[in-house]
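Chemist: This is the structure I want to talk about, given as structure tokens.
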Amino acid sequence: MARITFSKSLKYLLFFGLGILIFYFVYRGQDPAEIWTGIKEFKIEWILLSLVFSFISHIVRALRWRMLIQPLGYSPGVINTFFAVLIMYLANFAFPRLGEISRCGVLTKYEKIPFAPQIGTVVTERIVDVLILILILLGVVFLQFDLITGFLENNRSRIGFDSPLIYSWKFWLVLFAVFLLVGLVIYYNRQKILSHPWINKVIELLKKFMMGLFSIRKIKRPGLFVFYSFVIYGCYFLMTYSVLLGYGPTREMGAMAAFSLLAMGSIGMMIPVQGGIGSYHFFVIETLLVLGLAKSDGQLVAIVLHGSTTIFMIFIGLIALLALPIVNRKTS
């Protein structure tokens, strides 16, 4: 048990350290007093409006997730599902991807829904989210191709495009040989592997997981599910656009800039660091830089976008965590 705890602690420190390192990299040399002075130039009413859209997106995400669970034969309460989503975001600030486990644990405890099928629904949700993000990225490529090329050109060395290794045929040959060797070892020992009792347990869990994964095929109102999916990302867009409208240097940048920030910022949030710290800031700052905004202004926008949402999510996540046992005291 101690070994597992140490392992988890080490991973936490590594991910957190990576986020802090990226954050330091993008803000090094900046005077904290000047940053705070710049933050105060944002209109508070636009920040609050951004948080309203954030809150709506979480409600809709809970409703959408509930649609995936219902084909499994369970109908969790809207409040419990909503609180589970809020706790998911809170947990993700503690450890990357922990939130997905935490929200399933909430419904297992308070709604008596088996854990493994829930994980399948979560994966289905994420696949849908990735597909929508791909559509958004394609939209940015189509509508603002210069943004993508400018971003890549400005960050060639940082993302490895200047590394001679990726252009070496020997590197790809060795990589292919390693994958082939591992595949052959597994194939020729498949009977022994499949007969192991632990593997049988894993297979049973996978079957339950697949039930949840394919629950999307049995949802009663697929059109509503698609609608919810686009509403979620519509709220994300409006969250971003509201912050841009609340700051003088970005007020006239337009909706397309917000659309681009949504796409590129989402990539930053996918990097496994706590709450996207550092990685989100990097992608937002570099995107705004390509769009013609001064780097100092881009740094302020990134801090306000990420910081306001982070503080808000921690606040309402803690409320959800405290309210759950109270709401369910009769069934606990």
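Chemist: Kindly indicate the residue of the range 236-257 that is under 14 Å from residue 288 (Cβ atoms) and of a type in the set (Phe, Trp, Tyr) and also modelled with the lowest pLDDT among those meeting that condition.
Modeler: Among them, the one singled out is 247.
Chemist: Another question about this same structure. Name the pairs: first residue in the range 100-118 and farther than 14 Å from residue 65 by Cβ, second residue of a type in the set (S, T, N, Q) and in a loop (DSSP other than H, G, I, E, B), Cβ to Cβ under 8 Å, at least 6 apart or on different chains?
Modeler: Filtered contacts from the range 100-118: 110/328; 110/331; 110/332.
Chemist: Please enumerate the residues belonging to the range 77-100 that are buried (at least 16 other Cβ atoms within 10 Å of the Cβ), assigned to a helix (DSSP H, G or I) and of a type in the set (A, V, I, L, M, F, W, C).
Modeler: 82, 83, 84, 85, 86, 87, 88, 90, 91, 93, 98 - these are the residues of the range 77-100 that are buried (at least 16 other Cβ atoms within 10 Å of the Cβ), assigned to a helix (DSSP H, G or I) and of a type in the set (A, V, I, L, M, F, W, C).
Chemist: Kindly check whether there is at least one residue in the range 60-76 that is part of a helix (DSSP H, G or I), under 16 Å from residue 317 (Cα atoms) and out of contact with any helix residue (DSSP H, G or I) (no Cβ under 6 Å at 6 or more places or on another chain).
Modeler: Among the residues of the range 60-76, not one is part of a helix (DSSP H, G or I), under 16 Å from residue 317 (Cα atoms) and out of contact with any helix residue (DSSP H, G or I) (no Cβ under 6 Å at 6 or more places or on another chain), which makes the answer no.
Chemist: Return the total of residues in the range 228-253 being free of Cβ contacts under 8 Å to residues at least 24 places away in the same chain and surrounded by 14 or more Cβ atoms within 10 Å (Cβ to Cβ). Give the derivation first.
Modeler: Taking the range 228-253 and keeping what is free of Cβ contacts under 8 Å to residues at least 24 places away in the same chain, we get 234, 241, 251-252.
Filter once more, keeping what is surrounded by 14 or more Cβ atoms within 10 Å (Cβ to Cβ): 234, 241.
Result for the range 228-253: 2.
Chemist: Here's something else I'd like to know. Only one of (1) within 20 Å of the chain's Cα centre (by Cα); (2) not in a helix (DSSP H, G or I) is not met by residue 330, so which one is it?
Modeler: Checking residue 330 against (1) within 20 Å of the chain's Cα centre (by Cα); (2) not in a helix (DSSP H, G or I), the one that fails is (1).
Chemist: For the range 245-286, how many residues meet the condition of being in contact with a Leu (Cβ under 6 Å, 6 or more places away or on another chain), of a type in the set (Ser, Thr, Tyr) and within 24 Å of residue 138 (Cβ to Cβ)?
Modeler: 2
Chemist: Let me ask you something else. Would you pick out the residues in the range 273-295 that are among the hydrophobic types (A, V, I, L, M, F, W, C), in contact with a Gly (Cβ under 8 Å, 6 or more places away or on another chain) and either part of a helix (DSSP H, G or I) or closer than 19 Å to residue 144 by Cβ (or both)?
Modeler: If we filter the range 273-295 for residues that are among the hydrophobic types (A, V, I, L, M, F, W, C), which is where we start, we get 273, 277, 282-285, 288-291, 293-294.
With the extra rule that they be in contact with a Gly (Cβ under 8 Å, 6 or more places away or on another chain), the set shrinks to 273, 277, 282-285, 288-290.
Across the range 273-295, the qualifying residues are 282, 283, 284, 285, 288, 289, 290.
Chemist: Another question about this same structure. Quickly run through the range 225-272 and pick out the residues that are assigned to a loop (DSSP other than H, G, I, E, B) and of a type in the set (Phe, Trp, Tyr).
Modeler: Quick first cut of the range 225-272, residues assigned to a loop (DSSP other than H, G, I, E, B) only: 246-247, 251-254, 271-272.
Within the range 225-272, 247 is the sole residue that qualifies.
The values are calculated or read from the model by the stated rules, or taken from the named source; none is laboratory data. The model shown is predicted, which means the values in this text are computed figures rather than measured ones. FYI the Cβ positions are ideal-geometry reconstructions off the backbone, even for glycines, and counts take in every protein chain you see.
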